[in-house]
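The values are calculated or read from the model by the stated rules, or taken from the named source; none is laboratory data. In this text, all values refer to a predicted model and were calculated from it rather than measured experimentally. Every residue, glycine among them, receives a Cβ derived from its backbone with ideal geometry; neighbour counts consider all protein chains shown.
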């Protein structure tokens, strides 16, 4: 009898549903918890550039054979989300990186949040509010890698940070987010500081088309115990080549605390099955090098333009709470097919033979990446991605009369993505 009453009470008090993952919710709405997950399994095939006798080999020219070809688990997330009365929470761990980054370094998002005025106050570890492609979920990005205006480039190594943030829709078409965070994530000392924010505006927001405009500002001040303020561009996909475009405080005799100041502008237009988007970021790194014996900083610019088209007629979804786009449900029984392309550039504008913040000893420091992609969504929670990268690292010359140094790496990548 007692057991029967407990079961009856339990059934009455809670509802269990399965929609995009199992979820338990109390009837009074005061408690809710859900489980979600994602798995991204990648395979890569690299085609390195050939060494040139006119200048020293660098980049992919130093790869032996195809020593970066093969398979890797890019992400294996388990995510708990829910709420307890007026407190929302999220706890997300990536089990794919535990071999080299054991818990708690493997944590991605882990935060508590509550409604405050018209918006949400968040405390814990999450993404700072900066950049359209940076704030987009890895399940929703159009191509396998983010562009150089994100933590793949401008904000290198600083995707998830610990601190406090506030985000709100001021009006139905105007949103803002501000943050103050440590330049660290769980498992590291609380060192350094970053602060900034992002604003987005939707001058057009209809069932058929969306025009998104936005900008973000941030200042990252690093010290010896925090994540460094640096810009490292990766060309050729996940298994490609990392090229430093400058590190704040790398100059001999630089102070312990050095800053990176960044301004980024973003625009996107979605009409029917076509989406166009682009971002431009300019960043100033303090004390990257010495010039004529004096400490100098560097200016780095990064930008991209991107287009995607659903051949099968679907239209991307706009999420106002994030100020970013998401992928639609497939229309037909054969799923949805999306074609995409992106042109991406990152360059240290200060680099020359005398001023050498990139540490290449050359007259130029620029990386260009052309990415072509095709995505097939047989179901909403399954995606197959194919990307082909054409890349060029341009380092200029070693001096008058010397050859211009280039590294041309091409890569095929394929991803199987499952999420619930």
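Here 326, 302, 340 are screened, and the one residue that is within 25 Å of the chain's Cα centre (by Cα) and buried (at least 22 other Cβ atoms within 10 Å of the Cβ) is 302. For the range 175-197, the criterion of being touching a helix residue (DSSP H, G or I) at 6+ places or on another chain (Cβ under 8 Å), in a strand (DSSP E or B) and in contact (Cβ under 8 Å) with a residue 60 or more places away in the chain is met by none of the residues. Within the range 127-141, being outside any loop (DSSP other than H, G, I, E, B) and surrounded by 24 or more Cβ atoms within 10 Å (Cβ to Cβ) holds for 132, 133, 134. Residues that are assigned to a strand (DSSP E or B) and touching a residue at least 40 places away in the same chain (Cβ under 8 Å) within the range 213-227 comprise 213, 214, 215, 216, 217, 218, 219, 220, listed in sequence order. Counting only residues that are surrounded by fewer than 21 Cβ atoms within 10 Å (Cβ to Cβ) and at pLDDT 95 or above, which one in the range 211-231 is farthest from residue 349 (Cα to Cα)? Selected residue: 211. For the range 360-411, the set of residues classified as assigned to a loop (DSSP other than H, G, I, E, B) and in contact with a strand residue (DSSP E or B) (Cβ under 8 Å, 6 or more places away or on another chain) consists of 360, 362, 363, 364, 365, 381, 397, 398, 404, 408, 409, listed by residue number. Residues of the range 282-318 that are under 17 Å from residue 143 (Cα atoms) and without any contact (Cβ under 8 Å) to a residue 24 or more places away in the chain: 317 alone. Scanning the range 149-159 for residues that are modelled with pLDDT of 95 or more and surrounded by 21 or more Cβ atoms within 10 Å (Cβ to Cβ) turns up 149, 150, 153, 154, 155, 156, 158.
Are any residues in the range 319-351 part of a loop (DSSP other than H, G, I, E, B) and without any contact (Cβ under 8 Å) to a residue 12 or more places away in the chain, and if so, which ones? The answer is 333, and nothing else. In the set (1) surrounded by fewer than 17 Cβ atoms within 10 Å (Cβ to Cβ); (2) under 22 Å from the mean Cα position of the chain (by Cα); (3) assigned to a loop (DSSP other than H, G, I, E, B), residue 144 fails one condition alone, (1).
Within the range 140-162, the set of residues being closer than 24 Å to residue 104 by Cβ and free of Cβ contacts under 8 Å to residues at least 24 places away in the same chain comprises 146, 150, 151.
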